[in-house]
Amino acid sequence: MLSSEFTNSWPARKLWVSPDGQPNYEYLRTKYGKCIVPALSADGYVYEEISLEKYLDDMENCTHKAKLYLKDWHFQSTAMHKPVYDLPLFLRFDWINQESWTSDVSNPFGGDYRFVYIGAKGTWTKFHCDVMNTYSWSANICGRKLWYLMQPGKEVIFMKNGQLCEDIRDYKDRWKDANVIEFIQEPGQIVFVPSMWHHQVHNIENAISINHNVINACNVDLIIELMRTRLVDVYREIEDVRSILSCEEFEEKCQLILNADIRINFSLFRRFLNMVIDERAIDAVKCWVCAQHTCIFESLIMGDSSHHYDSDSYNDEGETTKLLQKSKSEKSTKRMERKPLLSSSQLTPSSIPSNAPGSSLSTARAIGSDRRTTGETSDDDMVRLFSDNSFLITTRM
């Protein structure tokens, strides 16, 4: 849990909230009222599209429609014309939401994983684990939330007929064995949810929150392990039709089903990794780059002696200035010119055997986990697939 000190300066905390701590309905209606937003039914099964203006009217007037829960609104990519929040540095290492292509059509996920939630008192999110084994964070703009959280593996205690229960409050006799963590999130606080931690969340007041799902070097191995495990399940489920399909057709069907099941597959993930690698490779030079700068050339020009770099490599101020000026202009061109660093044969289900020492990729030092480079950075330096199929990518995060 991060304190409200991290969000006190956010424009959203000032503009979206009334002096009494309630959502600033008038401001939100005036600024974003015409936006069409997804609202989840009270039973948690059906989404309907509704204007934000209509949703806020129902919420403010406590009509029966107030039990709808505005969830998964891609506010940042569809309605945010000016920033309304500013992330702490340690929340910016985000390969989905902090890239130059995050809001582009080229995004392999089809969009970002940044959301705004708005819910009346009593609305809630069922017991679940975040999509794709991502980790997430949730910042309360206003209102209070009640959280139930548990570490990986404990969720099986709440299985019923092979399925997770929807509401763990119905099974309080099991809470002690599951070591359920219960706490209240106050306005302004940020809750960090690690990968694979199941949770259930209740709005105990009218509330607004900003949420991100995140992939980076800390959980990329968990995502690959999830895909490998679920793909085995898919194989088993459609084994009976294998004989009427070619090998290529069978693999294609399996990947389609995998994507429908967990919103990702090996082909999509390979494309995603290539885009991240390409983005990092453009700026990679002989240095250690801190999180405050987008590339080494910025830290050099700023003349900040606290940043570590090889002064012998770039000691000509004029040359450095030229490099900085060229950096951004060449970015898109280089991205188009570079060959994918992961080929279709390098990242497949069969390339990650379950009995391999590094099959879970727990030993992987993935993109950015080691930001120090030595000498010229070639493709071979960028990605090496060892015998245990773990990744080593030696560039900044």
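Quick notes
- With the highest mean first, a sort of the peptides 269-282, 39-52 on other beta-carbon atoms found within 10 angstrom per residue produces 269-282, 39-52.
- Take the stretch 112-157 with all the other protein chains still there, run a 1.4 Å probe, and you get 27 Å² of accessible area per residue.
- As computed over the stretch 183-276, the Cα convex hull volume per residue (Å³): 144 Å³
- Here is the list for the stretch 1-73: trypsin sites (Lys or Arg not before Pro) lying in DSSP coil, each with at most 13 other C-beta atoms within 10 angstrom of its C-beta, are K34.
- Its Cα centre serving as origin, the stretch 116-165 has a Cβ charge dipole (Lys and Arg +1, Asp and Glu -1) of approximately 220 debye.
- For the stretch 1-125, the fraction of 1.4 Å probe accessible surface lying on carbon and sulfur atoms is 53 percent.
- Descending semi-axes in Å of the stretch 1-139, equivalent ellipsoid built from Cα gyration tensor: 24, 19, 16
- In this Cβ point-charge picture (+1 for Lys and Arg, -1 for Asp and Glu), the stretch 4-61 has a dipole of about 340 debye about its Cα centre.
- Accessible surface area normalised per residue over the stretch 182-267 is 45 Å², counting heavy atoms of protein chains with a 1.4 Å rolling probe.
The values are calculated or read from the model by the stated rules, or taken from the named source; none is laboratory data. These numbers come from a predicted model, not from an experiment. Every residue, glycine as well, gets a Cβ built from its backbone with ideal geometry; the counts of neighbours run over all protein chains shown. Just so you know, the surface numbers come from the protein's heavy atoms only, side chains and all, with ligands and any DNA or RNA stripped out. Shrake-Rupley method; radii C 1.70, N 1.55, O 1.52, S 1.80 Å.
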